[in-house]
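A.B. asks: Can you read through this structure? Questions will come right after.
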Amino acid sequence: MTNLPVGELVAAARAARERAYAPYSRFRVGAALLTDGGDVVTAANVENASYGLGICAERAAVVAAVAAGYRSFEAIAVAGGGEAPVTPCGACRQVLREFPAALDLEVVCAGEAGDQVLTTTLRALLPESFGPGAFQAEGPGAFQAEGPGAFHSEGPGAFQAQRAGASEAEGPGALQAQQPGVLQAEGPDALGRPPGDPS
């Protein structure tokens, strides 16, 4: 790690945990993400009355770091409730996997207090992972970039971008972008509306 003792990173995660918004689960988590330049970005979990819209501390830290201009990370410390170390959930592991050298990311897991700490890597927590390199794969079903924001998938029913931001699906009822931001249905009753109905 970049000249930052593990204890300091854990302390930063524990401090962030105190700022968590978890009125439903009461399970507060803090995260401290170490950038490759030695800066630390902290965050806490934020829950929502619509449960699925909550965000974990680890993903909140990644979002804050990216918004601040960071794209490369060396380590993350996670601190949850109790004394036993808390590891990132599967969704957080996948989000962390997105960035350069992600598999070598050091993951330091801790509880809210005590000396019990688990240190591992993202590679160990997310074996045989899916990441950005998969988009250079070749063969049936592979995605290939063809231009800004474009994607192409081979096979029946595949979507193919014709220009930046456009998508076209083959077959009756397909939607095709005719110009940026405009979708036009093709085929009889493609959208289930009577002819001339603008709604």
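The values are calculated or read from the model by the stated rules, or taken from the named source; none is laboratory data. What you see is a predicted model, and the numbers here were worked out from it, not measured in a lab. Glycine also receives a Cβ, built like all others from the backbone with ideal geometry; neighbour counts cover every protein chain displayed.
A.B. asks: Mind telling me which of the residues VAL41, VAL10 ends up being assigned to a strand (DSSP E or B) and touching a strand residue (DSSP E or B) at 6+ places or on another chain (Cβ under 7 Å)? Break it down into steps so the answer makes sense when it comes.
C.D. replies: Details: VAL10 fails: assigned to a strand (DSSP E or B).
So the residue among VAL41, VAL10 that is assigned to a strand (DSSP E or B) and touching a strand residue (DSSP E or B) at 6+ places or on another chain (Cβ under 7 Å) is VAL41.
Yes/no matrix, rows are residues, columns are (1) surrounded by 12 or more Cβ atoms within 10 Å (Cβ to Cβ); (2) in the same structural domain as VAL40 (by TED's automatic domain parsing); (3) under 19 Å from LEU4 (Cα atoms); (4) at pLDDT below 95:
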site	(1), (2), (3), (4)
CYS56	yes, yes, no, no
VAL63	yes, yes, no, no
GLY82	yes, yes, no, yes
ARG97	yes, yes, no, no
CYS109	yes, yes, yes, no
LEU118	yes, yes, yes, no
PRO140	no, no, no, yes
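A.B. asks: Let me ask you something else. Suppose we filter the stretch 13-38 for residues that are crowded, with 20+ Cβ neighbours inside 10 Å and not in a helix (DSSP H, G or I); how many remain?
C.D. replies: 8
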